[in-house]
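The structure appears right after this line, and notes come after that.
The values are calculated or read from the model by the stated rules, or taken from the named source; none is laboratory data. The shown structure was predicted, so the numbers you read here are calculated from the model rather than taken from an experiment. With ideal geometry, Cβ positions are generated from the backbone for all residues, glycine too; neighbour counts draw on all protein chains shown. Only protein heavy atoms, including side chains, enter the accessible area calculation; ligands, DNA and RNA are left aside. Shrake-Rupley method; radii C 1.70, N 1.55, O 1.52, S 1.80 Å.
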Amino acid sequence: MKGTYLGEFQEIVLLTILVLDENAYGITIQDEIAKRTGREVSRGALHTALTRLNEKGFISSEYGGATAERGGRRKRYYQVTNLGKNALQEAKSVRDDLWNSVPKVTLQRS
């Protein structure tokens, strides 16, 4: 499973890219994670996660057109690959199996 393992943050990043669909680029991913999780994510942490996900083949990216609002710089848009979608499904399956195996009484608060 080495190389295809998804850490919690990587899983959140992949899911966020899927949520944002065609509008998934650095700042929107960062903002969406903060909005949905309450976690402020540094650009460096996000960049590291995106680099690792790309190296695993879980995401791909392409540059959009240059815009005046960004001083002529282009946005880098991210997409989840089929391999990334499969990794998410596998992670969800493992988590669901574990959650379903926890005795209900164990989850009750005392």
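Take the conditions (1) modelled with pLDDT under 95; (2) in contact with an Asp or Glu (Cβ under 7 Å, 6 or more places away or on another chain); ALA34 misses just one of them, which is (1).
One line per residue, one yes/no per condition, for (1) part of a helix (DSSP H, G or I); (2) of a type in the set (Val, Ile, Thr):
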position	(1), (2)
GLU22	yes, no
LYS35	yes, no
THR51	yes, yes
GLN79	no, no
LEU88	yes, no
ALA91	yes, no
ARG95	yes, no
LEU98	yes, no
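When restricted to residues that are surrounded by 12 or more Cβ atoms within 10 Å (Cβ to Cβ) and of a type in the set (Asp, Glu), the range 17-42 contains 2.
Evaluation of THR106 against the conditions (1) at negative phi; (2) surrounded by 11 or more Cβ atoms within 10 Å (Cβ to Cβ) shows that the sole unmet condition is (2). Taken over the range 65-77, the criterion of being in a helix (DSSP H, G or I) and open to solvent by 90 Å² or more (accessible area, probe 1.4 Å) is satisfied by ALA68, GLU69.
Screening the candidates GLU55, GLU62 for the property of being closer than 18 Å to ALA91 by Cβ, open to solvent by 80 Å² or more (accessible area, probe 1.4 Å) and not basic (Lys, Arg) yields one hit, GLU55. Being surrounded by fewer than 13 Cβ atoms within 10 Å (Cβ to Cβ), without any contact (Cβ under 8 Å) to a residue 12 or more places away in the chain and among the basic types (Lys, Arg) is a condition met by no residue of the range 43-50. Whether any residue in the range 63-82 is at pLDDT 95 or above, of a type outside the set (Gly, Ala, Ser) and out of contact with any strand residue (DSSP E or B) (no Cβ under 8 Å at 6 or more places or on another chain) is what I want to check. Yes, the range 63-82 has at least one match.
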